[in-house]
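Colleague: Handing you a structure now.
The values are calculated or read from the model by the stated rules, or taken from the named source; none is laboratory data. None of these values were measured; they are calculated from a predicted model. Heads up, the Cβs are rebuilt from the backbone with ideal geometry, glycines too, and the neighbour counts pull from every protein chain shown. Areas reflect the complete protein model, heavy atoms only, side chains present, ligands, DNA and RNA absent. Shrake-Rupley method; radii C 1.70, N 1.55, O 1.52, S 1.80 Å.
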Amino acid sequence: MESTIVKAVDYNAYFGDNHVVKNVNIEIPRNNTIAVMGPSGCGKTTFLRGINRMHELIPGATAKGKILLNNEDVLEMHPIFVRLKIGMVFQRPNPFPNLSIYDNVIAGYKLNGIKLPKAEKDKIVEHSLTRVALWNEVKDSLTKKGSFLSGGQQQRLCIARAVAMEPEVLLFDEPTSALDPISTSTVEELFHELKKNYTLIIVTHNMQQAARCSDKTAFFYMGELVEYGETKQMFTNPADIRTQNYITGRFS
Amino acid sequence: MSVHVKYRIGKSRVFQGLTILLSVACVVPLLFILVYIIQAGITKINWHFLTNLPKPVGESGGGIANALLGSIIIIALASVIAIPFGILCGIYLSENKKSKLAYWSRLCVDILQGVPSIVIGIVAYFWLVKPTGSFSALSGSVALAIMMLPIVVRSTEETLLLLPDSLKEAAYALGMPFHRVILKVILPCGISGILSGVMLSIARITGETAPLLFTAFGNPYLSTNILKPMQSLPLLIFNYATSPYNDWHDLAWGASCILLIWVLTLNIITKLITRKWKVQL
Ligand SMILES: Nc1ncnc2c1ncn2[C@@H]1O[C@H](COP(=O)(O)OP(=O)(O)OP(=O)(O)O)[C@@H](O)[C@H]1O
Ligand SMILES: [Mg+2]
């Protein structure tokens, strides 16, 4: 049996009076890749940001219900603690422009004031960059600024930065939508690699990507989770008519 | 080519010529001031001039050491007061765009920017000089700090607003607390804009005379006591240029030249900072 790592119980998210995520209940098994899909504006990003308490950073944003991480409610934990356990990668690569590639990887330690011996740092940097298949490309220019890399390399650097913190869960919000096809496929290969150690939750508009990379798919529609199941099942035989319409492209 | 098109080309030429002519006209007054002051002042400047006190009337020679040191002390003190306040306020304004407090402090800062410097001088006089019973460099610094504040606040705020939210989100997503996000990510990324605001604010107050008239007051002797009257370059220029003595006029010209070089240097440093320390986003 797989164990559940993240579980949402009656989770609701609001922007002021705007009820954006409605009563979501979902169980996410450990070391799985979950694709989150649905039409634009249906609340995917909002839900994802609710999981690591990034949602509340927006003025006026509130949440109700529970998000359990290993049976502990993240809404009761300190957000900083939550974000150390649940990493996040954004739609647009956002390396710290003032830091070198090396420092970007260990930014979670460095900028949080956690002192590590040099050997330890070197190890984390090499390990994390190898993980995201970037080590060979940048090992000779670790002191260069992160913003000099190409978009795809920057995105992998951001993934390395999240991986370096050894979180349990990694959240991805349309991680390849700003990338070219080659970078996209590199990142997709990465997902397979990362799955061994982490649980991945990936928001994507790309159905092929969801089909290729995910074990399970969650389909959101107007703030509700309308269907959640094995990816194969969802794509071949969706239970809900709204899922079916979306997959066959019948939404405007 | 039809006459009409020719006529339009001609009109366009005239217009172009006019813009060039007027741009040149804008540069002329500055050049005129520069040439005039440098001509009158540069010959007065030498090591003796910088390191000696003014001589009494009748004796030739003498320098502006007291005013130079006084200006440096007064401006340094004003910076120490205004820069931390200004940057922190700018951070607050950029982080809390919509709060009531931000609205009111933004309004106050804008109004402050428009308050004539002499009025700020009077306020410093009533706050500090009257209660303590003595003109002092400190009261002058406070007056100048109030003048610097709006420039530092606004340039910090505007610089930080230009930074993309994604930068802050990246920091928060790594579990960084608010103060570290500001100190380790936001400020380093905006440093060039903030520093150039600081530089410009210093350049702005360097020549201010009015607020110093009834605060720092001036002092013919060398003084480093910030609780006592102190000389400064603009005060020296004001007093000596309006005196009837030729030797004193020379000192005033030399001091003007120094002031001009000071402001030009600050402007050039600002340009260099923006170019060198700009964080490529
Ligand atoms: N910062 C915000 N402030 C106020 N309302 C917001 C904000 N962000 C999103 N919303 C609202 O929340 C709803 C859901 O937005 P969300 O970003 O979660 O959608 P999404 O499913 O990620 O869409 P997309 O596929 O386009 O990224 C939208 O209708 C939007 O109006
Ligand atoms: Mg989104």
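Colleague: Collect residues whose amide H, placed 1.01 Å from N in the peptide plane, falls under 5 Å from the amide H of residue A:5; neighbours closer than 5 in sequence don't count.
Modeller: A:28, A:30
Colleague: Compute for chain A: radius of gyration divided by Kirkwood radius, i.e. Rg/Rh, restricted to C-alpha atoms, rounded to two decimals.
Modeller: Computed over Cα atoms, the ratio is 0.97.
Colleague: Filter the DSSP H helices in chain B by two things, a Kyte-Doolittle mean of at least -1.0 and an axial alpha-carbon span of 15 angstrom or more, and list the hits by number.
Modeller: Answer set is B:3-41, B:65-95, B:100-114, B:137-162, B:187-206, B:246-276.
Colleague: In Å², rounded to the nearest 100, what is the total accessible surface buried by chains A and B against each other with a 1.4 Å probe?
Modeller: 1700 Å²
Colleague: Could you state the per residue volume, in Å³, of the convex hull enclosing the Cα atoms of chain B?
Modeller: Convex hull of Cα atoms, per residue: 220 Å³.
Colleague: Divide, for region B:3-44, the radius of gyration over alpha carbons by 2.2 N^0.38 Å, where N is the residue count.
Modeller: It is 2.02.
Colleague: Roughly how far apart, in whole Å, are the Cα centres of region B:236-281 and region A:191-252?
Modeller: 67 Å
Colleague: Then there's this: Please work out how many pairs of lysine residues in chain B are eight or more positions apart (or on different chains) and have Cα atoms closer than 19 angstrom.
Modeller: So the count works out to 7.
Colleague: With a 1.4 Å probe and every protein chain left in place, tell me how much accessible area residue B:38 has, in Å² to the nearest 10.
Modeller: Spelled out: residue B:38, probe radius 1.4 Å, area about 70 Å².
Colleague: Which of the residues in region A:25-58 show a loss of at least 20 Å² in accessible area from their chain by itself to the complete set of protein chains, at a probe of 1.4 Å?
Modeller: In region A:25-58, residues shielded by partner chains: A:49, A:54, A:57.
Colleague: Under 5 Å between amide H atoms, partner at least 5 residues away or on a different chain: which partners does residue A:88 have, H built in plane at 1.01 Å?
Modeller: A:171
Colleague: Something else about it: Apply the Debye scattering formula to region A:129-185, with a single equal point scatterer on each alpha-carbon and no solvent, then give log10 I(q)/I(0) at q = 0.30 Å⁻¹.
Modeller: Each listed q corresponds, in turn, to -1.37.
Colleague: Sticking with this structure for a sec: Report the FRET efficiency, 1/(1 + (r/R0)^6), for residue B:246 and residue B:130, where r is their Cβ-Cβ distance and R0 is 30 Å, rounded to 0.05.
Modeller: Efficiency, rounded to the nearest 0.05: 0.20.
Colleague: Considering every residue in B:32-40, what mean count of other chain Cβ atoms within 10 Å of its Cβ is obtained?
Modeller: The mean count of partner-chain Cβ atoms within 10 Å per residue comes to 0.
Colleague: Given the whole protein assembly as supplied and a 1.4 Å probe, what does the accessible area of residue B:97 come to in Å², nearest 10?
Modeller: Probe radius 1.4 Å; accessible area of residue B:97 about 110 Å².
Colleague: Further question on the same structure: Do the alpha carbons of any pairs in A:22/A:66; A:44/A:85; A:139/A:196 sit beyond 18 Å of each other, and which pairs?
Modeller: Over 18 Å apart, Cα to Cα: A:44/A:85; A:139/A:196.
Colleague: Placing one identical point scatterer on every Cα of the protein assembly as shown and ignoring solvent, what is log10 I(q)/I(0) from the Debye formula at q = 0.05, 0.06 Å⁻¹?
Modeller: -0.35, -0.48
Colleague: Moving to a separate point now. Return the carbon/sulfur percentage of the accessible area of chain A, one whole number, probe 1.4 Å, all protein chains in place.
Modeller: Roughly 50 percent of what the probe reaches on chain A is carbon or sulfur.
Colleague: Quick one: pull the percent of accessible area on region B:1-70 belonging to carbon and sulfur, 1.4 Å probe, ligands and nucleic acids left out.
Modeller: 73 percent
Colleague: Here is a further query. Can you give me the angle between helix A:181-194 and the longest principal axis of chain A, using Cα atoms only, in degrees from 0 to 90, rounded to the nearest 10?
Modeller: 90 degrees
Colleague: Could you name every residue in region A:66-83 that has 20 Å² or more less accessible surface in the full protein assembly than in its own chain alone (probe 1.4 Å, ligands and nucleic acids excluded)?
Modeller: Buried on complex formation: A:80, A:83.
Colleague: For residue B:249, what accessible area in Å² do you get when you roll a 1.4 Å probe over the heavy atoms of the protein chains, rounding to the nearest 10?
Modeller: 50 Å²
Colleague: Also, I was wondering about something else. Stokes-Einstein D for region B:96-220 at 20 °C, 1.002 mPa s, Kirkwood Rh over Cα pairs, in µm²/s?
Modeller: Using the Kirkwood radius from Cα pairs, D works out to 130 µm²/s.
Colleague: Choose one of B:66, B:42, B:94: the residue whose Cα lies farthest towards the positive end of the charge dipole of region B:1-147 (beta-carbon charges +1 Lys, Arg; -1 Asp, Glu; about the Cα centre).
Modeller: Most positive-ward Cα: B:94.
Colleague: For the protein assembly as shown, what is the accessible area per residue in Å², given a 1.4 Å probe and the full set of protein chains?
Modeller: Accessible area per residue: 50 Å².
Colleague: I would also like to ask the following. Mind checking the mean number of beta-carbon atoms from other chains within 10 Å of the Cβ atoms in B:14-25?
Modeller: So the per-residue partner count for this stretch is 0.
Colleague: In whole Å, how far is the Cα centre of region A:123-188 from that of region A:1-27?
Modeller: Region A:123-188 and region A:1-27 have Cα centres spaced 29 Å from each other.
Colleague: A further question follows. Would you mind checking the tilt of helix A:118-131 against the longest principal axis of the Cα atoms of chain A, expressed as 0 to 90 degrees and rounded to 10?
Modeller: On a 0 to 90 degree scale, this one is about 50.
Colleague: Would you be so kind as to list the residues of region B:151-172 that have their accessible area lowered by at least 10 Å² in the full protein complex compared with their chain by itself (1.4 Å probe)?
Modeller: With the partner chains in place, region B:151-172 has these residues losing at least 10 Å²: B:166, B:167, B:169, B:170, B:172.
Colleague: Averaged over A:97-109, how many beta carbons belonging to a partner chain fall within 10 Å of each residue's beta carbon?
Modeller: 3
Colleague: Taking the highest mean first, how do the peptides B:198-204, B:159-165 order by number of other beta carbon atoms within 10 angstrom per residue?
Modeller: B:198-204, B:159-165
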